[in-house]
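What follows is a single structure, written as C-alpha cells, with notes after it.
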Amino acid sequence: MIGSSLRKAAFAALVALAWSPAWGMTLDGVGMPDSLQLQGQPLRLNGMGVRSFTLLHIRGYVAGLYVPAPTHDPAALLAEPGPKVLKIQFVRQASVGRVQDEYQRGHRLNCVPHCSATEEAAFEQLLGTARPVKSGDITSFVFMPKQLDVMFNDSRIATIPGAEFSHHLLASFLGEQPPTVPLRDGLLGLTTQ
C-alpha cells in the first residue's frame with residue numbers, strides 16, 4: 001500500500017507541469033505562461049493558436065506549444081527529441097464524439113497513408129482518451145522521447161508508448177495537413193491571430 005502510494009507520488013512529480021507565474025501570452029481570452037518545467041527541464045512557449053470550425057469560424061480551443069528552444073521551423077521542432085508539451089484549452093463544449101472526430105480527421109490526413117500497425121494501435125489508445133469537454137477544460141499532450149503522456153485537467157489519463165506515433169501526432173498540428181493553417185502558424189509563433 002505504501003509502495004503504491006510512493007510510486008504514484010513519484011510519477012505525479014515526474015509528469016506534473018509546473019506553470020510559471022509569469023504570463024507569456026493571451027489569445028482569445030486564454031492566457032498561457034511563458035514557460036513551464038517538465039521533469040526539471042525548462043520549456044518555453046513557442047506560440048499559441050486558435051482552432052476554429054466551420055465557415056463561421058466558431059472557436060473551439062486555444063493551443064500553446066512549449067519546447068526547449070523556440071523556433072519558427074516546424075522541421076526543427078519535429079526533429080527535437082527533447083520533451084515538448086501541447087496544451088489545449090477548450091473555449092467551447094464538445095461531446096466525446098466531436099473530440100474523437102477531431103482526432104480521426106488529423107489521423108486520416110497525417111498518418112493513415114503510412115502508419116504501421118503499432119501506430120494504428122497507439123491511435124486507438126488515444127481515441128479512447130477522448131472526454132466530453134466544457135469551456136476551461138485542458139488536454140495536454142506531453143511528448144517524451146519514447147512515449148506520449150495524455151493529461152486531462154492536470155491528471156494523466158494515458159501513457160502511449162512509441163516515438164513514431166508521438167511524432168505523427170505532433171506533425172498533425174505542425175505539418176502539411178494541420179487542423180487549420182492559422183492554428184499551425186500560431187503554434188509556430190508566426191502569427192498571433
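Which residues, taken from the stretch 75-99, are more than 15 Å from the chain's Cα centre (by Cα) and of a type outside the set (A, V, I, L, M)? Selection gives Glu80, Pro81, Arg92, Gln93, Ser95, Gly97, Arg98. Kindly evaluate Gly106 against the criterion of being under 22 Å from Ser52 (Cα atoms) and in a loop (DSSP other than H, G, I, E, B). Answer is no for this residue. Say whether the condition of being modelled with pLDDT of 95 or more, aliphatic (A, V, I, L, M) and closer than 19 Å to Asp34 by Cα is met by at least one residue in the stretch 89-100. No, the stretch 89-100 contains no residue that is modelled with pLDDT of 95 or more, aliphatic (A, V, I, L, M) and closer than 19 Å to Asp34 by Cα. A Cβ distance below 6 Å, combined with a sequence gap of six or more or placement on separate chains, defines the contacts here; from the stretch 150-174, residues that are more than 15 Å from Arg184 (Cβ to Cβ) reach residues that are among the small types (Gly, Ala, Ser) and assigned to a strand (DSSP E or B) in the pairs Val150/Ala158; Met151/Ser140.
Within the stretch 135-169, being open to solvent by less than 30 Å² (accessible area, probe 1.4 Å), touching a helix residue (DSSP H, G or I) at 6+ places or on another chain (Cβ under 6 Å) and part of a helix (DSSP H, G or I) holds for one residue alone: Phe165. Of all the numbered requirements in (1) within 16 Å of Gly136 (Cβ to Cβ); (2) at pLDDT below 95, Arg51 misses one, and that requirement is (2).
So for the stretch 60-67 (the condition being in contact (Cβ under 8 Å) with a residue 40 or more places away in the chain and either over 28 Å from Val99 (Cβ atoms) or open to solvent by 20 Å² or more (accessible area, probe 1.4 Å) (or both)), does at least one residue qualify? No. Would you be able to say whether some residue in the stretch 15-33 is modelled with pLDDT under 95, assigned to a helix (DSSP H, G or I) and either out of contact with any Leu (no Cβ under 7 Å at 6 or more places or on another chain) or surrounded by fewer than 18 Cβ atoms within 10 Å (Cβ to Cβ) (or both)? Scanning the stretch 15-33 turns up at least one residue that is modelled with pLDDT under 95, assigned to a helix (DSSP H, G or I) and either out of contact with any Leu (no Cβ under 7 Å at 6 or more places or on another chain) or surrounded by fewer than 18 Cβ atoms within 10 Å (Cβ to Cβ) (or both). Here is the figure for the stretch 73-103: residues that are part of a loop (DSSP other than H, G, I, E, B), closer than 21 Å to Pro42 by Cβ and open to solvent by 40 Å² or more (accessible area, probe 1.4 Å) total 3. Pick from the stretch 34-59 the residues that are more than 15 Å from Leu86 (Cα to Cα) and in contact (Cβ under 8 Å) with a residue 40 or more places away in the chain: which of them is least open to solvent (accessible area, probe 1.4 Å)? Looking at residues that are more than 15 Å from Leu86 (Cα to Cα) and in contact (Cβ under 8 Å) with a residue 40 or more places away in the chain, I get Ser52. Please tell me if Pro132 is of a type outside the set (Phe, Trp, Tyr), surrounded by 15 or more Cβ atoms within 10 Å (Cβ to Cβ) and more than 18 Å from Val67 (Cα to Cα). No.
The values are calculated or read from the model by the stated rules, or taken from the named source; none is laboratory data. These numbers were taken from a predicted model, which means no experiment stands behind them. Note that each Cβ is placed from the backbone with ideal geometry, even for glycine, and that neighbours are counted across all protein chains shown. Each accessible area value is taken on the protein alone, full model and side chains, heavy atoms only, with ligands, DNA and RNA left out. Shrake-Rupley method; radii C 1.70, N 1.55, O 1.52, S 1.80 Å.
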